[in-house]
Amino acid sequence: MTPHPYDTDVTPEQAGWAYSSLRVITLPAGGAHTFPAGGSEWIVLPLSGGCTVTIATTGTAPTSTASPHTTPTTFELRGRPSPFAAVTDFAYVPRDATATLTTPAGGRFALAGARCERRLPARYGPAEAVPVELRGAGSCSRQVNNFAAANVFACDRLIAVEVLTPGGNWSSYPPHKHDEHHPGEESELEEIYYFEIADGPAGTPGAGYQRVSPSRAGGTDVLAEVRTGDTVLIPDGWHGPSMAAPGHDMYYLNVMAGPGAEREWLIRDHPDAAWIRDTWPGLAPDPRLPFPQHPGGDR
C-alpha cells in the first residue's frame, strides 16, 4: 500500500464543507510529486526550498478532427529558505489539469485549493509582484503577504494570503467573521489556518494559540495551542486572536473559498472588540516589521 504523501491534507469531505482544501508535502532532494487538480484550482506555494512545476492541461487540438491533446506548461519557482525569510513566487494550477513538482534540493510545499467552476490559465506569480501589507499597530501589528488576495491575483474561488506575526503580538485581531452573506458587508467563506512557529534563539520549538468563538448557537468554539504543521478549520465563528508567544514569531497561511457569486473578502468585526481599531491611528507598527521580502532559496 502506498503511504500517504502529505504532511497535512484537508479536503472538503474531511472538513465537512464544500470548497476549501490544503495539502502540505515535504519532498527530499531529487524528489517529485504528481497530483490531479480534479475539480479544484490550486496554488503551489513553496514554504521552504524551490521546485519546478509542470502543468498538463487537456484541451482540444486546433485541427479539423478536434482530437484531444495535452499542453504542458513549466514554471521554475525559486522559493525561499523559510516563510520567515522571504516572500515567495508561486504557480497557479487550473482545474482539470495534472501538476508535477520536482525539486533538486528538497523542500516543503503548500498546495492551497478550492473547488471551482471556471478553468483559468496556468500562471506564474513572481515574488516581486506580491503586495506586502502592514496591518494593525503596536502589539496588534502583523504583516500580510497578499499573494492571492481577492483583488490581487485572478482565481475563480480561491483566496489565499500569508500572515507573519512577531513574537508577543496578537494577530487576526479584533476577532472577525465571514460566515454569512450580506451584500457589501460580509462574504461567506470557509477558512483554513495553517501554522508554522519560529524556533527560539537556542533552537527550542515554540507554540502559539488560536481562538475561535461562536457567532451562532452551537457554532465553532475553539481555543487551541498550535505548533508548526498544525491547522485550525473555521467553517463559522469569530476568529481571533492568533497569539504569538514571546520569543517565537508566528506564520500562518489562510486558505479561503465560498459560494458567493463574487470572489471577495468582506468581514465583520466582533462588536465587543471593534473599538480596538480606533486606537491604531497615530500608533506606529511594530519596529520588527516588515519581515524580509526578497526572494531566496535554491532550487
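The values are calculated or read from the model by the stated rules, or taken from the named source; none is laboratory data. Please read all numbers here as calculations on a predicted model, not as lab measurements. Note: ideal-geometry Cβ built from the backbone for every residue, glycine included; neighbour counts use all protein chains shown. We work out accessible area using only protein heavy atoms, side chains counted, and drop any ligands, DNA or RNA first. Shrake-Rupley method; radii C 1.70, N 1.55, O 1.52, S 1.80 Å.
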Against the conditions (1) outside any strand (DSSP E or B); (2) touching a residue at least 60 places away in the same chain (Cβ under 8 Å); (3) not aromatic (F, W, Y), where does V44 fall short? Just the number, please.
(1)
Does region 151-195 hold any residues that are touching a Lys or Arg at 6+ places or on another chain (Cβ under 9 Å), among the acidic types (D, E) and closer than 23 Å to Q14 by Cβ, and which are they?
D156, D179
Could you check T88 against (1) assigned to a strand (DSSP E or B); (2) open to solvent by less than 30 Å² (accessible area, probe 1.4 Å); (3) more than 24 Å from P235 (Cα to Cα) and say which number it fails?
(1)
Is there a residue being of a type in the set (K, R) and either farther than 25 Å from S40 by Cα or open to solvent by less than 10 Å² (accessible area, probe 1.4 Å) (or both) anywhere in region 247-266?
no
Got a sec? Which of S82, S20, S48, S67 is polar (S, T, N, Q) and modelled with pLDDT under 95?
S67
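Here are some residues: E196, E190. Which one is farther than 17 Å from Y251 by Cα and either modelled with pLDDT under 95 or in contact with a Gly (Cβ under 8 Å, 6 or more places away or on another chain) (or both)? Give the steps one after another, and end with the answer.
Details: E196 fails: farther than 17 Å from Y251 by Cα.
It is E190.
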Looking at region 135-150 only, could you name the residues that are open to solvent by 10 Å² or more (accessible area, probe 1.4 Å), over 19 Å from Y124 (Cβ atoms) and out of contact with any Ser or Thr (no Cβ under 7 Å at 6 or more places or on another chain)?
R135, G136, G138, S139, C140, A150
Restricting attention to region 51-64, and to residues there that are open to solvent by 40 Å² or more (accessible area, probe 1.4 Å) and either modelled with pLDDT of 95 or more or not β-branched (V, I, T) (or both), which single residue is farthest from the chain's Cα centre (by Cα)?
S64
Consider region 183-234. How many of its residues are closer than 21 Å to F109 by Cβ and either out of contact with any His (no Cβ under 9 Å at 6 or more places or on another chain) or surrounded by 16 or more Cβ atoms within 10 Å (Cβ to Cβ) (or both)?
16
